[in-house]
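Note sheet for the following structure.
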Amino acid sequence: MHRLKRSCFSLWLLPALLVCMEALPAAAQSAPQPDLVLHGTVRGSQNHSYIKVPFRVPAGVERVTLTFAYTEKDQHTALDLGVLDPKELRCWAGGNKSVLTIALSDATPSCLPGTIPAGTWNVLIGVPNIRPQVISHYTAQLYFTRTGLVADYPEVLREPLRDGPAWFRGDLHMHTANSDGQCPSQTGKMVPCPVFVTVDAAARRGLDFIAITDHNATSQYDAMRELQPYFDKVLLIPGREITTFYGHLNFLGTTDYLNFRLGSPSVPNVNDLLRRAHKLGALVSINHPRDPSGEICMGCGWTPNPPADMHLLDAIEAVNSGSEIPAFSGIPFWEHQLDLGYRLTAIGGSDNHRPMRPLDQLGSVGSPTTVVYAENLSTPAILAGIRSGRVFIDLAGSSNRMLEFTAACNGREAHMGGLLQASKGSQVLFDVQTAADAGGRAELVEDGKPIHSTVLAGGTGASASLHASWISDGRRHWFLVQVVGADGKLWLLGNPVYVNWAQQTASGSS
Ligand SMILES: [Zn+2]
Ligand SMILES: [Zn+2]
């Protein structure tokens with residue numbers, strides 16, 4: 001536990017108001033505890049007044065978050081809540097909210113997003129009702145966040161929508177009115193499509209999470225801030241599609257600005273861009289790497305020169321709904337990176353630009369679906385799950401197809417995305433559990449070539465188990481499982497178990 005430093009003072013304007021401030025030691029700034037705690041009292045004599053409670057926002061703060069609580073509600077005490085920055089009113093929430101957050105790109109409804117000036121701010125307390133003899137004690141907790149990374153937010157802003165480890169289904173790539181997402185208006189005109197429509201489509205599909213990835217824009221985060229409490233079963237992950245003239249990248253998990261102008265003097269090459277992205281803590285994937293670039297889709301293919309240092313990436317969008325044409329599939333590009341020794345998680349993205357597209361159509365929100373094993377349903381946990389590689393892509397975007405794949409050797413076991421050491425001559429045992437539909441075939445693949453397969457038995461929800469063994473040659477290999485339909489279409493694509501790979505991760509750390 002951190003000891004709080006406490007100081008109390010009477011405000012010169014309001015002698016009856018005693019305010020106590022508690023400040024945490026600097027070492028505790030990254031902990032979930034508040035940076036400042038303001039305590040005070042409101043008395044009956046202050047009925048029908050407005051009380052300013054000052055606090056200081058240090059330089060470098062990107063987000064101010066406030067929680068507010070008070071006593072004597074059972075005595076019909078009612079306190080309204082607002083926030084003043086050094087110049088203007090930033091929030092007026094009345095009596096309807098007890099948590100407010102303000103940042104450059106998003107703010108709780110009732111608040112204005114925008115720059116966070118350093119200096120003296122005030123909690124503004126309105127007193128619509130307090131009885132003459134009542135004394136109400138209030139507590140305002142203030143959190144100052146210095147980055148846009150969701151993992152750095154105070155806990156009150158990143159509480160999981162669902163607790164406990166599970167497989168979560170989502171879509172990591174889509175566009176709204178904040179870039180080129182469109183839908184028909186009331187009169188049938190195609191117009192920039194509100195974020196609500198996209199999130200509603202995800203909810204109707206039963207997805208657990210989506211990343212909204214408008215092209216280079218950050219304006220979508222304010223709508224997401226408003227929508228998240230309403231859509232409390234669909235986690236909204238802040239994302240962006242960093243769209244350059246030499247390829248597209250998804251940038252997930254932070255609202256921080258990233259200079260996307262690749263080729264300009266400030267971002268001369270792609271590795272400058274990727275290093276900046278990693279410094280900000282974002283999860284970064286290459287999108288639709290095999291799409292052609294040209295006048296129909298400018299900069300859509302992956303063509304940076306000099307080439308990217310693949311250690312600076314986390315994932316590859318192996319399946320993009322717009323890349324159903326085999327020549328445009330991202331899977332060979334991803335597998336080539338595996339052959340070269342880069343552990344990059346294969347993910348999928350609908351790249352939806354028409355959120356009203358019927359959900360049974362290719363490219364609707366959730367088609368394909370990326371299925372992630374995560375510790376809970378929160379942005380940090382989903383992104384950690386993607387980084388870990390325990391992920392498969394459900395190309396049809398079903399709600400129930402499953403794939404679990406493990407490999408074991410000498411008493412050690414690895415899941416998809418995991419490393420397994422197997423010295424020459426030792427036996428590796430593979431275990432595959434999958435559920436999809438009758439007629440499907442689960443294939444165990446070694447370095448891109450199927451080595452075992454089994455047919456799924458039963459009707460809808462047909463399942464299969466596959467057990468196989470392999471004697472190690474002591475060299476580096478990757479093994480994955482894919483499930484293919486009777487029509488030859490890929491249904492599920494799993495991520496590899498990495499046998500005899502070094503500990504180095506995709507981001508280059510050990
Ligand atoms: Zn793109
Ligand atoms: Zn896109």
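If I ask for residues that are assigned to a loop (DSSP other than H, G, I, E, B) and either among the hydrophobic types (A, V, I, L, M, F, W, C) or modelled with pLDDT under 95 (or both), which ones from the range 208-245 would you list? Correct list: Ala217, Phe231, Val234, Phe245.
Counting only strands (runs of 3 or more DSSP E) that sit wholly inside the range 1-120, those with at least 3 residues that are in contact with a Ser or Thr (Cβ under 8 Å, 6 or more places away or on another chain) and either modelled with pLDDT of 95 or more or within 27 Å of Ala223 (Cα to Cα) (or both) are 36-43, 50-57, 63-70, 89-94, 99-103.
Residues being closer than 30 Å to Phe333 by Cβ, out of contact with any strand residue (DSSP E or B) (no Cβ under 9 Å at 6 or more places or on another chain) and loosely packed, with under 15 Cβ neighbours inside 10 Å are represented in the range 436-457 by at least one member. Considering the range 246-265, and only residues there that are within 16 Å of ligand 1 (Cβ to nearest atom) and in a strand (DSSP E or B), the residue that is surrounded by the most Cβ atoms within 10 Å (Cβ to Cβ) turns out to be Leu249. Look at the range 165-180: where a residue is within 20 Å of Val371 (Cα to Cα) and within 15 Å of ligand 1 (Cβ to nearest atom) and a partner is of a type in the set (Ser, Thr, Tyr) and part of a strand (DSSP E or B), sitting 6+ places away or on another chain with Cβ atoms under 8 Å, you get Asp171/Thr369; Asp171/Thr370; Leu172/Ser285; Leu172/Thr370.
Here is a yes/no grid of residues against (1) open to solvent by less than 50 Å² (accessible area, probe 1.4 Å); (2) within 16 Å of ligand 2 (Cβ to nearest atom); (3) over 30 Å from Arg276 (Cβ atoms):
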{"residue": "Thr120", "(1), (2), (3)": "no, no, yes"}
{"residue": "Pro132", "(1), (2), (3)": "no, no, yes"}
{"residue": "Pro154", "(1), (2), (3)": "yes, no, no"}
{"residue": "Asp180", "(1), (2), (3)": "no, yes, no"}
{"residue": "Val191", "(1), (2), (3)": "yes, no, yes"}
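Is it the case that Leu383 is touching a residue at least 60 places away in the same chain (Cβ under 8 Å) and within 14 Å of the chain's Cα centre (by Cα)? Considered against the rule, which asks whether it is touching a residue at least 60 places away in the same chain (Cβ under 8 Å) and within 14 Å of the chain's Cα centre (by Cα), Leu383 comes out as yes. Note on the range 345-363: among residues that are more than 16 Å from ligand 1 (Cβ to nearest atom) and either acidic (Asp, Glu) or surrounded by fewer than 21 Cβ atoms within 10 Å (Cβ to Cβ) (or both), the one that is nearest to Gly164 (Cα to Cα) is Leu359. Residue count for the range 470-501, restricted to those that are open to solvent by 60 Å² or more (accessible area, probe 1.4 Å), under 21 Å from Gln427 (Cα atoms) and not β-branched (Val, Ile, Thr): 2.
Does Gly253 satisfy the criteria of being of a type outside the set (S, T, N, Q), within 16 Å of ligand 2 (Cβ to nearest atom) and in contact with a helix residue (DSSP H, G or I) (Cβ under 7 Å, 6 or more places away or on another chain)? Taking the combined requirement at face value, the residue does not satisfy it. Between Thr41, Thr67, Thr77, the distinction of being closer than 11 Å to Leu142 by Cβ, in contact with a strand residue (DSSP E or B) (Cβ under 9 Å, 6 or more places away or on another chain) and open to solvent by less than 50 Å² (accessible area, probe 1.4 Å) belongs to Thr67 only.
The values are calculated or read from the model by the stated rules, or taken from the named source; none is laboratory data. It should be emphasised that the depicted structure is a prediction, and the values quoted were computed from it without experimental measurement. Here Cβ is always computed from backbone atoms with ideal geometry, including for glycine, and neighbour counts include all displayed protein chains. In case anyone asks, the SASA skips ligands and DNA or RNA and just uses the protein heavy atoms, side chains included. Shrake-Rupley method; radii C 1.70, N 1.55, O 1.52, S 1.80 Å.
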